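Novice: My questions all concern the structure below.
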Amino acid sequence: MSATDRHLRRYLQPTGLECHDYAQWVLPLRGDLQLEVGGVGGRVDLLQGAFVAPRETHDLLAQGDNCCLIIDCHAGVLDDDTLEHLYQQRWLALPNGIRQQLQGIHAEGVGNDPLPQLLRYFAPDGSGARLQALCMSIAKAPGGDWSVARMASAVGVSGSRLHALFAREFGLSPQAWVSAARLRWAKQQLLGSRAAISDIAQRAGYSEQSAFTRALRRESGLTPRQWRISGSSLSQDLSETPA
């Protein structure tokens, strides 16, 4: 067995709870998916991947067309400090360079190994450490008051410098990143809770429910209610499919 294995996968049904001895990177190439890792739910999409630590239970559910690059890292590939750092971080804000490499991967083969670039960026002393910490703070509390001034202070730079860093690393403004994090969180809540849509919109940081509706419709073509129903219907249909 090689130290790492790479797979292109489409998910058409829930994987069910899985647990294995090796670490795993989940990097979407197309679509988005609902992922539960260690009992914590979240979503992965073209802007956000995930890291699953060894022996950590996880489950995955797709809603619509999707394709992911899965990288299995067996014992010895990642040192203890890197494993612990990635375990604490879990959700990966994917920079432009890595997204471009992922988009260059085709179904005929997985191409060049992106692991070296991933480690250069996501390791404890990697080039993305400062922005990753900020992005993870936003992901945990997307409804917070994420002004440019607050974000710049968290990174220790000026507002103009923060804009330059986000443009270089993500191809987005800081505000656009916050908007994407809010929508991602709200979509997860629609499927993972029974909270009222108005409450989800407010907690996600939208000024009103209609703003949330417009944002989701722009991305998916669905209203929040339609998104929730389609996700619930998918889960129900798949759970009734004979084994």
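The values are calculated or read from the model by the stated rules, or taken from the named source; none is laboratory data. All of these numbers come straight from a predicted model, not from anything done at the bench. Here the Cβ positions follow ideal geometry from the backbone for every residue, glycine too, while neighbour counts run over all protein chains shown. Side chains are part of the model used for accessible areas, which takes the heavy atoms of the whole protein and leaves out ligands, DNA and RNA. Shrake-Rupley method; radii C 1.70, N 1.55, O 1.52, S 1.80 Å.
Novice: Please compute the length gained on full extension between L172 and D80, using 0.36 nm multiplied by the number of residues separating them and subtracting their Cα-Cα distance.
Specialist: 29.9 nm
Novice: I've got another one for you. How large is log10 I(q)/I(0) at q = 0.14, 0.20, 0.25, 0.27 Å⁻¹ when the Debye formula is applied to the Cα atoms of the range 85-163, each weighted equally and without solvent?
Specialist: Relative scattering, expressed as log10 I(q)/I(0), comes to -0.56, -0.96, -1.21, -1.28.
Novice: How large is the accessible surface per residue of the range 1-44, computed with a 1.4 Å probe and reported in Å² as a whole number?
Specialist: Per-residue accessible area for the range 1-44 comes out at 50 Å².
Novice: Calculate one ³J(HN,Hα) per residue across the range 143-159 by plugging θ = phi - 60° into the Karplus curve 6.51 cos²θ - 1.76 cosθ + 1.60, and present them in order as whole Hz with x for glycine and proline.
Specialist: x, x, 7, 8, 6, 4, 4, 5, 5, 4, 5, 5, 8, x, 9, 6, x
Novice: What is the spin-label model distance, in nm, from M136 to H7 if the labels are put 7 Å beyond Cα along the C-beta direction?
Specialist: With each label point 7 Å from Cα toward Cβ, the separation is 2.6 nm.
Novice: Here's something else I'd like to know. Give me the mean projected area, in nm² to one decimal, of the convex hull enclosing the Cα positions of the range 1-68. Provide the component values of the computation, followed by the final result.
Specialist: On the way: hull surface 17.7 nm².
Across all orientations, the range 1-68 yields a mean hull projection of 4.4 nm².
Novice: Okay, next question. Order E169, E208, most accessible first, counting only protein heavy atoms with a 1.4 angstrom probe.
Specialist: On the way: E169 30, E208 100 Å².
The ranking, largest first, comes out as E208, E169.
Novice: Starting from the 7 Å offset along Cα-to-Cβ, what nm value, one decimal, do you get for the label separation of A129 and R225?
Specialist: Distance between label points: 5.0 nm.
Novice: Okay, next question. Hey, what do the phi angles of the range 85-94 turn into as Karplus ³J(HN,Hα) couplings, whole Hz, using 6.51/-1.76/1.60 and θ = phi - 60°, x for Gly and Pro?
Specialist: 4, 5, 4, 6, 7, 6, 8, 10, 6, 7
Novice: Grab the other residues whose beta carbon is less than 13 angstrom from that of R217, score K and R as +1, D and E as -1, and report the net.
Specialist: With Lys, Arg at +1 and Asp, Glu at -1, the neighbours total +3.
Novice: If I build a Gaussian network model for the chain, linking alpha-carbon pairs within less than 10 angstrom, which residue out of I200, I229, I138 has the largest mean-square fluctuation?
Specialist: With Cα springs under 10 Å in the chain, the top fluctuation among I200, I229, I138 is at I229.
Novice: Let me ask another. What number comes out for the charge environment of L162, summing +1 per Lys or Arg and -1 per Asp or Glu over other residues with Cβ under 15 Å away?
Specialist: +3
Novice: With no solvent and one equal point scatterer placed on each C-alpha of the range 12-136, evaluate the Debye formula and give log10 I(q)/I(0) for q = 0.09, 0.17 Å⁻¹, two decimals.
Specialist: Calculated log10 I(q)/I(0) at the listed q: -0.23, -0.87.
Novice: Right, another one. In whole percent, how big is the carbon plus sulfur part of the accessible area of the chain, probe 1.4 Å, protein atoms only?
Specialist: Within the chain, the accessible surface is 49 percent carbon and sulfur.
Novice: How charged is the neighbourhood of V40? Take every other residue with its Cβ under 12 Å from the Cβ of V40, and add Lys/Arg as +1 and Asp/Glu as -1.
Specialist: With Lys, Arg at +1 and Asp, Glu at -1, the neighbours total 0.
Novice: Give me D for the chain in µm² s⁻¹, whole number, from Stokes-Einstein with Rh from the Kirkwood sum over alpha-carbon pairs, 25 °C and 0.890 mPa s.
Specialist: Result for D is 131 µm²/s.
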